[in-house]
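The values are calculated or read from the model by the stated rules, or taken from the named source; none is laboratory data. Fair warning: this is a prediction, and the values are worked out from it, not measured in the lab. FYI the Cβ positions are ideal-geometry reconstructions off the backbone, even for glycines, and counts take in every protein chain you see.
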């Protein structure tokens, strides 16, 4: 059977690989890679998405004759023609990441202001945030996949670069507002991949003389899961650790916080037992 007539390329395929055609024997079922039926109608968007992915991988591995700008055209065409929502989410994400990769390689040629004002960066961030919004709204879990985390590093960097320009133009408070808004976009994830944004927020609050939020953001840099296990990330975590030490924060502080929480919990339990004895003449069995 030809790959071109399989259900995976059919226009009746919905998000999560579900068949949406009531006449099909696979209606409302998960489509397998080799499935096909007599009601197949090709969705050309799938072909463009596949071609974009092939070009991107080939270009990344240095194969001659492959230009990532061709991948960009294919991603854009696939989105315009119409994809199932989960495929659209992935296409927008890869489109944005591909743009960021091009921009990152040209950072030496442009000033910070030129970079953040470039149409390419504005477009890339827009595509990435649309992708993130789809994942959040539809609960696909795409950005929970650890394999995708390394791709966030450039996204994170350009957020921080934007904030730096805002800081010099509008001041520290405006930069903090921008960074916290971007951080909030990722709040549905159990662990943010924006380590550079966290560190920048720590620096901004430290500069304001507000040590408490600064400490919390620096701590989150250290506590967050690995994004890309490289020297750049290791240096960032080390900077955060040094910044915590400058603020007088040590491991002992962590233990003190834990002990205080345990003591407060014990006190709350004792108070609850007393209230029960007063109201009911007995005490709840809340353990020891």
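Brief remarks follow.
- Residue in region 17-34 that is part of a helix (DSSP H, G or I) and under 29 Å from the mean Cα position of the chain (by Cα) present: yes
- Which listed residue is out of contact with any helix residue (DSSP H, G or I) (no Cβ under 9 Å at 6 or more places or on another chain) and either more than 28 Å from residue 116 (Cα to Cα) or at pLDDT below 95 (or both), from 261, 241, 232: 261
- Selection of region 35-46 for residues being surrounded by fewer than 17 Cβ atoms within 10 Å (Cβ to Cβ) and part of a helix (DSSP H, G or I) yields only 44.
- Verdict on residue 83 being assigned by TED's automatic domain parsing to the domain that holds residue 127, at pLDDT 90 or above and assigned to a loop (DSSP other than H, G, I, E, B): yes
- Failed item, numbered, when residue 190 is tested on (1) crowded, with 20+ Cβ neighbours inside 10 Å; (2) under 15 Å from the mean Cα position of the chain (by Cα): (1)
- Condition met for residue 225 (within 15 Å of the chain's Cα centre (by Cα), more than 23 Å from residue 130 (Cα to Cα) and either surrounded by fewer than 18 Cβ atoms within 10 Å (Cβ to Cβ) or free of Cβ contacts under 8 Å to residues at least 12 places away in the same chain (or both)): yes
- Filtered residue count, region 191-216, keeping only those that are outside any loop (DSSP other than H, G, I, E, B) and either on the phi > 0 side of the Ramachandran plot or free of Cβ contacts under 8 Å to residues at least 24 places away in the same chain (or both): 3
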